[in-house]
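Here is the structure we will look at, set down as structure tokens.
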Amino acid sequence: QAQLVESGGGLVQAGGSLRLSCSASGSISSNSYMAWYRQAPGNERELVADITRYGSANYGDSVRGRFTISRDNAKNTVFLQMNSLKPEDTSVYYCFVRDYGREYWGQGTQVTGSS
């Protein structure tokens, strides 16, 4: 089993930046797939960005060019650098890890972009 602990959410003015972190503890291998999702009230959970163990990243259309996902395999940590935040980025952001068929979710961290 593993646990994911997220940090870095908060309130930021439009155009500002935030950096989210998600640290995985327990039996997570460096082969894991890592991702960030978000869910706003009344909306479905959507993929924000994901990254393979080799650093190959993929982004949702609404964040491409503004957000950057990265990972530290030695520390089993994934990051999400969010720049040029918009009010529509307001959501609860969730860390997700899939490792040898097992899936884990973080508890979520609130990000609010104010206009």
Within a Cβ distance under 12 Å of Gly15, other residues only, what is the Lys/Arg minus Asp/Glu net charge? +1
Say a site is exposed when it is one of the chymotrypsin sites (Phe, Trp or Tyr not before Pro), sits in a DSSP loop, and has at most 13 other Cβ atoms within 10 Å; what is then the longest site-free stretch of the chain? 1-53
In terms of solvent-accessible area of protein heavy atoms at a 1.4 angstrom probe, what is the ranking of Thr52, Thr68, highest value first? Thr68, Thr52
With +1 on the Cβ of every Lys and Arg and -1 on the Cβ of every Asp and Glu, the dipole magnitude of the chain about its Cα centre, in debye rounded to the nearest 20, is 220 debye
Grab the other residues whose beta carbon is less than 15 angstrom from that of Leu85, score K and R as +1, D and E as -1, and report the net. +3
What is the projected area of the convex hull of the Cα atoms of the stretch 1-41, averaged over all directions, in nm²? 4.2 nm²
What figure in square angstrom, to the nearest 10, would you give for the accessible area of Lys86 with a 1.4 Å probe? 80 Å²
In nm, the gap between the two label points placed 7 Å beyond Cα toward Cβ at Leu11 and Ser84 is 2.6 nm
Accessible surface of the chain [probe 1.4 Å, protein heavy atoms]: carbon and sulfur percent: 46 percent
Subtracting the Cα-Cα distance of Ser114 and Tyr100 from 0.36 nm times their residue separation yields 1.1 nm
With every protein chain left in place, what is the accessible area per residue of the chain in square angstrom, probe 1.4 Å? 52 Å²
Here the FRET efficiency for Gln3 versus Tyr33, based on Cβ atoms and R0 = 22 Å and rounded to 0.05, is 0.80
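The values are calculated or read from the model by the stated rules, or taken from the named source; none is laboratory data. If you're wondering where the values come from, they're calculated on a predicted model, not measured in any experiment. Every residue, glycine as well, gets a Cβ built from its backbone with ideal geometry; the counts of neighbours run over all protein chains shown. The accessibility values were calculated without ligands, DNA or RNA, using every heavy atom of the protein model including side chains. Shrake-Rupley method; radii C 1.70, N 1.55, O 1.52, S 1.80 Å.
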